[in-house]
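Coordinate-derived values only; no laboratory data. A quick note: this is a predicted structure, and the numbers were derived from the prediction, not measured. In this analysis, Cβ positions are derived from the backbone assuming ideal geometry, glycine residues included, and neighbour counts consider all displayed protein chains.
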Amino acid sequence: MTERERMDAGLIYDPMDSDIMTEQSAYLELQYEFNATRPSESEKRAALLKKMFGKIGEGCYIEPPLHANWAGKHVFLGDGVYANFNLTLVDDGNIFVGDKVMFGPNVTIATANHPILPALRERGLQYNKEIRIGNNVWIGAGVIIVPGVTIGDNSVIGAGSVVTKDVPENVVAVGNPCRVLREIGERDRMYFYRNEAIDYPNL
């Protein structure tokens with residue numbers, strides 16, 4: 001089994017393998033080009049994202065700078081995904097994101113991990129576990145999502161949270177470690193912030 005095959009299987013592997021690094025470097029060049037684009041170069045940005053990402057749906061927008069180990073090669077975005085400044089994707093493993101997901105600034109999504117055994121870490125070995133984020137999820141500013149986590153549809157992850165375990169759908173979850181605070185319910189149909197009523201037309 002090659003190091004790349006071990007990588008794709010979620011097994012311990014050597015990320016410094018020459019074949020892996022050659023492939024990875026080509027994607028990082030595209031990411032560099034994306035981050036150097038001007039705000040007016042929206043078409044160029046969109047074209048680069050299609051080259052970089054495993055899948056990028058319709059109407060997605062990622063605000064540079066983007067930082068990703070593989071420039072998004074192992075990231076699969078649905079439609080209408082928005083990411084604010086400084087999204088960091090440790091995308092050595094797969095990251096699946098649904099439709100209409102929003103990422104605040106300085107979010108980190110990390111699929112890569114290193115073994116606890118010191119002898120393995122001394123050799124620079126790692127393994128990857130995929131992350132899944134459902135539809136219509138809002139990830140607040142500064143959130144960290146660790147390997148192997150799934151976040152359910154419609155949920156909100158509060159700013160600064162560290163998500164170490166799965167989060168169900170239709171909840172607000174916050175903290176370090178991130179825990180479910182409450183379900184999204186009828187009050188959320190009435191108020192958008194504390195006791196301020198929703199008055200937006202045509203809702």
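From Glu33, Glu63, Glu43, which residue is more than 17 Å from Asn94 (Cα to Cα) and either aliphatic (A, V, I, L, M) or in contact with a Phe, Trp or Tyr (Cβ under 7 Å, 6 or more places away or on another chain) (or both)?
Glu63
If we scan the range 176-184, do we find a residue that is within 21 Å of Gly80 (Cβ to Cβ), within 19 Å of the chain's Cα centre (by Cα) and surrounded by 11 or more Cβ atoms within 10 Å (Cβ to Cβ)?
no
Filtering the range 47-67 down to residues that are closer than 20 Å to Gly104 by Cα and out of contact with any strand residue (DSSP E or B) (no Cβ under 7 Å at 6 or more places or on another chain), which residue is surrounded by the most Cβ atoms within 10 Å (Cβ to Cβ)?
Here the answer is Pro64.
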